[in-house]
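Values in this text are rule-based calculations from the coordinates and carry no lab data. Just so we're clear, the structure is a prediction, and the values are computed from it rather than from any experiment. Every residue, glycine as well, gets a Cβ built from its backbone with ideal geometry; the counts of neighbours run over all protein chains shown.
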Amino acid sequence: MKRSRRSFLKLAGTAVALSMVPLKLLADFVRPKEAMAATDFDGVFASLGNAQDSDKIMLETPDIAENGAVVPVAVTSSIAGTSKIYIVVEKNPNPLAAAFMIPEGSEAFVQTRVKVAQTCPIYAVVEAGGKLYKTGRETKVTLGGCGG
């Protein structure tokens with residue numbers, strides 16, 4: 001059966017549109033809207049929930065970041081059942097800087113770069129077994145990040 005170019009494009013467009021629906025739902029699952037929209041540190045934790053301190057989370061950030069626009073952050077969790085990792089920068093205009101979903105059976109490790117507006121603690125928040133755990137580390141910023 002011979003298809004016209006127009007019917008092929010309609011079919012392709014429908015397939016692309018349908019494939020985007022699961023990605024949108026997945027994005028909402030990984031990054032909670034209220035926490036992403038929070039403009040203060042307390043608002044992020046009000047949305048995510050209370051997190052208890054844990055020594056089973058390793059957070060790596062530089063002691064001094066020469067450029068706040070690109071601060072490297074690495075998080076490793078040895079908490080069994082880690083399903084999500086969040087990076088929260090306390091004094092940023094939007095403190096929830098990153099959210100990652102960790103597939104079951106994967107090593108709970110993420111590495112990224114975030115903007116840091118000014119010298120402040122950076123937190124790694126881990127969700128495992130329906131509970132939240134956190135650790136933090138102060139990073140000094142010498143050049144402007146979010147603020148310029």
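Taking the listed residues THR142, THR82, the one that is out of contact with any Pro (no Cβ under 9 Å at 6 or more places or on another chain), touching a residue at least 60 places away in the same chain (Cβ under 8 Å) and of a type in the set (Ser, Thr, Tyr) is THR142, with no other qualifying. In the condition set (1) small (Gly, Ala, Ser); (2) within 19 Å of GLU127 (Cβ to Cβ); (3) touching a Leu at 6+ places or on another chain (Cβ under 8 Å), ALA69 is compliant with all but (2).
Taking the listed residues VAL114, VAL110, VAL125, the one that is β-branched (Val, Ile, Thr) and within 18 Å of ASP63 (Cβ to Cβ) is VAL114, with no other qualifying.
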